[in-house]
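First the structure, in the form of structure tokens, and then the observations on it.
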Number of protein chains: 2
Amino acid sequence: MAEEDRPPGQAFALWLTGLPAAGKTTVAGQIAQELRGMGLAVCVLDGDELRRGLNAGLGFSEPDRDESVRRAAEVARLVLDSGIIVITALISPFRSARRRAGEIVGADRFVEVFVDAPVEVCRERDPKGLYARALAGEMKGLTGIDAPYEAPSEPEIHLRTDRNTPGELAAHVVDYLRNHQRL
Amino acid sequence: MAEEDRPPGQAFALWLTGLPAAGKTTVAGQIAQELRGMGLAVCVLDGDELRRGLNAGLGFSEPDRDESVRRAAEVARLVLDSGIIVITALISPFRSARRRAGEIVGADRFVEVFVDAPVEVCRERDPKGLYARALAGEMKGLTGIDAPYEAPSEPEIHLRTDRNTPGELAAHVVDYLRNHQRL
């Protein structure tokens with residue numbers, strides 16, 4: 001869509017990155033609920049959903065991970081161009097891929113959010129049994145076990161899911177967005 | 001996103017199909033404007049935009065066209081799952097690919113819209129100079145010239161852009177959606 005055709009509105013993407021089981025999907029859902037409650041249109045792009053559909057066929061190798069992050073960023077861009085707020089919930093483990101995502105989305109519309117919890121806590125939670133499978137050797141390339149996670153060095157927002165509830169974190173994000181004239 | 005997490009709302013996808021220069025993008029924009037004027041969230045997925053981003057790297061071969069339609073349908077599904085109306089503007093020339101798109105999006109959420117004009121009219125308009133290039137032999141595989149377009153046999157909505165203005169057509173679509181309890 002050409003620049004001049006863009007509907008008005010300061011849409012932005014909250015790019016949630018973090019370890020498996022850090023709480024990205026939960027926090028994304030909570031933020032989406034808050035923003036929708038304010039009458040805003042919000043689209044959540046969840047890693048698991050992307051993997052089942054758009055990124056089916058892509059695996060866990062580094063180029064495949066990069067391609068899946070690229071596609072998510074391209075989708076985010078399209079949705080933003082329609083004036084809709086985007087929240088992505090993707091491990092997106094590599095700094096370089098997140099940087100590229102920011103370029104695709106547009107620096108002024110990209111808000112990096114680090115959904116942080118110690119790996120021991122994530123391993124303990126393990127709602128999908130991924131860590132258990134990786135530790136049992138039944139699964140390879142799990143981020144945080146045998147694949148690297150490059151934590152953001154300067155995330156715009158840093159959330160600690162081992163210290164605060166999802167509701168508290170969502171409220172914090174909304175406050176931040178308000179204070180920074182995003183809302 | 002699990003069924004029970006879906007935000008309320010009867011989101012649906014208007015899947016605009018038609019020849020190059022049939023008016024898909026124009027009509028999509030007009031419908032989007034009408035629906036936004038009613039306070040609804042609408043996301044437009046335009047073929048040209050998709051080609052520049054998400055589908056960069058895909059060409060015009062039949063498998064590549066099918067993959068680009070598949071990806072558009074997967075994106076539509078994700079956006080619909082967030083309760084947002086989707087309007088796609090893609091040539092999507094093959095019946096089989098459109099059928100598959102309908103399956104991905106979900107039959108109850110998929111509305112096929114045939115944006116129809118005689119190929120002579122499209123060739124006359126040719127805003128991007130594609131027909132001229134194809135007829136001069138500078139471009140291969142243009143739908144309507146040397147690649148087939150399989151017109152929908154039973155589109156849910158049939159629009160003739162050589163007979164009505166975009167505004168009239170958008171109003172007709174909105175009326176149709178109202179009469180069919182989509183709005």
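Each reported figure results from applying straightforward, stated rules to the coordinates on display, with no laboratory input. Values in this document were obtained by computation on a predicted structure and should not be read as measured data. Virtual Cβ from ideal backbone geometry, glycine too; neighbours counted across all protein chains shown.
Going 7 Å from Cα along the Cα-Cβ axis for the label, what nanometre distances separate B:Asn164 from the same residue across the other copies?
Counterpart label points of B:Asn164 in the remaining copies fall at 5.1 nm.
Which angle from 0 to 90°, rounded to the nearest 10, does the C-alpha axis of helix B:95-105 make with the longest principal axis of chain B?
20 degrees
How much mean residue ellipticity at 222 nm does chain B get from its helices, if each DSSP H run of length 4 or more adds -39500 (n - 2.57) and you divide by all residues, to the nearest 500 deg cm²/dmol? Provide the component values of the computation, followed by the final result.
Values: 7 runs with 78 residues, N = 183.
Taken over chain B, the calculation gives -13000 deg cm²/dmol.
Compute the Kirkwood hydrodynamic radius of region B:3-179, taking the inverse of the mean of 1/r over all pairs of distinct Cα atoms, and give it in Å to one decimal. Could you put the intermediate results ahead of the total?
Working: mean 1/r = 0.0606 Å⁻¹.
For region B:3-179, inverting the mean 1/r across all distinct Cα pairs yields 16.5 Å.
I need the shape label for region A:92-179. Rule: rounded when a/c is under 1.5, else prolate if a/b > b/c, else oblate, with a, b, c from the alpha carbon gyration tensor.
Details: a/c = 2.98, a/b = 1.41, b/c = 2.11.
It is oblate, given that a/c is not under 1.5 and a/b is not larger than b/c.
Taking the label point as lying 7 angstrom from Cα along the Cα-to-Cβ axis, what are the distances from B:Glu138 to the corresponding position in the remaining copies, in ascending order and in nanometres?
6.0
Which residue of chain A is nearest the rotation axis onto chain B, counting by its Cβ, and what is the distance in whole Å?
A:Ala41, 2
Output, in nm with one decimal and in ascending order, the distances from the A:Pro127 label point to the matching label points of the other copies (7 Å from Cα along Cα-to-Cβ).
Once sorted, the set of distances for A:Pro127 reads 4.5 nm.
Sorted from fewest to most neighbouring beta carbons within 10 Å, what does the list B:Arg95, A:Arg163 look like?
Values: B:Arg95 13, A:Arg163 10.
Arranged by neighbour count, lowest to highest, B:Arg95, A:Arg163 become A:Arg163, B:Arg95.
Please name which of B:Ala13, B:Thr143, B:Ile157 has its Cα lying farthest along the dipole of chain B towards the positive end, using unit charges on Cβ (Lys, Arg +1; Asp, Glu -1) and the Cα centre as origin.
Looking along the dipole axis, the top candidate is B:Thr143.
Under a plain spin-label model, where a point goes 7 Å from the Cα along Cα-to-Cβ, how far apart in nm are A:Gln10 and B:Ser96?
Distance between the two pseudo-spin positions: 5.0 nm.
Can you tell me which lysines have their Cα less than 16 Å from the Cα of B:Lys128? Leave out same-chain residues fewer than eight positions away.
List returned: B:Lys24, B:Lys140.
May I ask you to sort B:Tyr131, A:Tyr176 by Cβ crowding, counting other Cβ atoms within 10 Å and putting the fewest first?
On the way: B:Tyr131 22, A:Tyr176 16.
Ranking B:Tyr131, A:Tyr176 by Cβ neighbours within 10 Å, fewest first, gives A:Tyr176, B:Tyr131.
Taking R0 as 56 Å, what FRET efficiency do you get between A:Val119 and B:Ala151 from their Cβ-Cβ distance, rounded to the nearest 0.05? If you can, show how the numbers build up before the last one.
Details: r = 56 Å, r/R0 = 0.99.
Efficiency, rounded to the nearest 0.05: 0.50.
Shape verdict for the protein assembly as shown, please, from the Cα gyration tensor: rounded (a/c under 1.5), prolate (a/b greater than b/c) or oblate.
It is prolate, given that a/c is not under 1.5 and a/b is the larger ratio.
Give the distance, in whole Å, between the Cα centre of region A:79-102 and the Cα centre of region A:121-183.
Cα centres, region A:79-102 to region A:121-183: 15 Å.
If each residue of separation counts as 0.36 nm, what is the full-extension length gain between A:Arg51 and A:Arg160 once their alpha-carbon separation is subtracted? Numbers along the way, then the final one.
Details: separation 109, 0.36 × 109 = 39.24 nm, distance 2.55 nm.
So the extension gain works out to 36.7 nm.
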